[in-house]
């Protein structure tokens with residue numbers, strides 16, 4: 001399987017521009033042969049919301065009928081690809097808002113996950129998820145989801161959300177912030193859980209948050225880091241072949 005991770009800088013609350021950029025970069029990755037494409041956390045909106053009311057107009061109910069979900073499912077079906085991305089969302093039958101990640105699959109289905117460990121602006125508007133990341137089989141692999149701070153070090157008090165054998169590939173959508181690249185927690189997660197870790201991240205300054213120059217990569221179960229194609233502070237794509 002050829003996978004692609006995408007780096008962009010979403011414009012805060014510029015939904016139309018962000019959606020257009022997501023589609024553009026996804027199609028570019030598909031033209032590059034990718035069968036799995038991963039986009040950053042809150043890719044449709046940016047990160048720095050200061051109230052639930054500010055998020056509400058951009059949150060989509062994840063029942064499969066929303067504009068973003070439908071569009072991405074169609075894109076996945078048309079190109080026989082799987083696409084993961086982050087967005088603000090509402091659960092079916094609930095007024096709560098969530099920092100969510102969605103994976104659209106080639107067969108027209110999708111899975112979703114709500115961020116469990118909030119950071120920064122999440123505390124202002126997002127309800128914490130309570131369910132472990134879902135696992136789904138596609139293209140002969142077992143794939144899972146993960147959002148930013150939900151990646152954990154062994155030194156952390158919380159248990160891992162994954163165990164060895166749960167998944168072959170984990171799609172990681174992040175707004176990881178400025179710092180060392182690759183983050184130690186990314187490499188530890190890939191090695192400790194023996195998974196291919198597909199890290200999508202953003203870059204740029206946004207209100208109270210500095211996401212630095214970005215940084216995307218694919219990390220093998222043995223900790224080998226693939227980052228050819230990474231360009232700091234620019235939209236770019238990194239590819240890797242998963243045996």
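Taken together, the values in this text are just the output of simple stated rules run on the coordinates, not laboratory data. For clarity, every value in this text was computed on a predicted model and none was experimentally measured. Please note: Cβ atoms are built from the backbone with ideal geometry, for glycine as well, and neighbour counts cover all protein chains shown.
Rounded is the label for segment 2-241. Its Cα gyration tensor axes, ordered a ≥ b ≥ c, give a/c under 1.5. Net length available on complete extension from residue 27 to residue 222 is 67.2 nm, with 0.36 nm assigned per residue and the Cα-Cα distance removed.
The GNM of the chain, with springs linking C-alpha atoms under 10 angstrom apart, assigns the highest mean-square fluctuation among 212, 165, 144 to 165. Under conditions of 20 °C and 1.002 mPa s, segment 72-166 yields 148 µm² s⁻¹ as its translational diffusion coefficient, taking Rh as the Kirkwood radius over Cα pairs in the Stokes-Einstein equation. Spin-label pair residue 136-residue 94: with each label point 7 Å from Cα along the Cα-Cβ axis, the two points sit 1.8 nm from one another.
Report, to one decimal in Å, the Kirkwood hydrodynamic radius for segment 185-243 based on all distinct Cα pairs.
12.2
From the largest down, segment 100-243 spans 41, 36, 36 angstrom on the principal axes of its Cα atoms. For segment 102-145, a Kirkwood hydrodynamic radius built from all Cα pairs, placed in the Stokes-Einstein relation at 20 °C and 1.002 mPa s, yields a translational diffusion coefficient of 179 µm²/s. Please check: in the Gaussian network model of the chain (C-alpha springs, under 10 Å), which one of 171, 227, 217 has the largest mean-square fluctuation. It is 227. A crude spin-label estimate for the pair residue 213 and residue 13, with each label 7 Å from Cα along the Cβ direction, gives 3.1 nm. When only Cα pairs below 8 angstrom with a gap of at least 6 residues are kept, segment 2-241 shows a relative contact order of 21 percent.
Shape call for segment 1-112 from the C-alpha gyration tensor, a ≥ b ≥ c root eigenvalues: rounded (a/c under 1.5), prolate (a/b greater than b/c) or oblate? Because a/c hits 1.5 or more and a/b fails to exceed b/c, segment 1-112 counts as oblate. Please report the antiparallel percentage of the DSSP beta bridges confined to the chain, to the nearest 5. Just about 60 percent of them are antiparallel. If you take the alpha carbon atoms of segment 155-222 and fit the smallest convex hull around them, that volume is 95 Å³ per residue.
For the pair segment 172-243 and segment 17-55, the centres of their Cα atoms are 15 angstrom apart.
Only helices enter this figure: runs of n ≥ 4 DSSP H residues, each worth -39500 (n - 2.57), summed and divided by the residues of the chain, yield -5500 deg cm²/dmol at 222 nm to the nearest 500.
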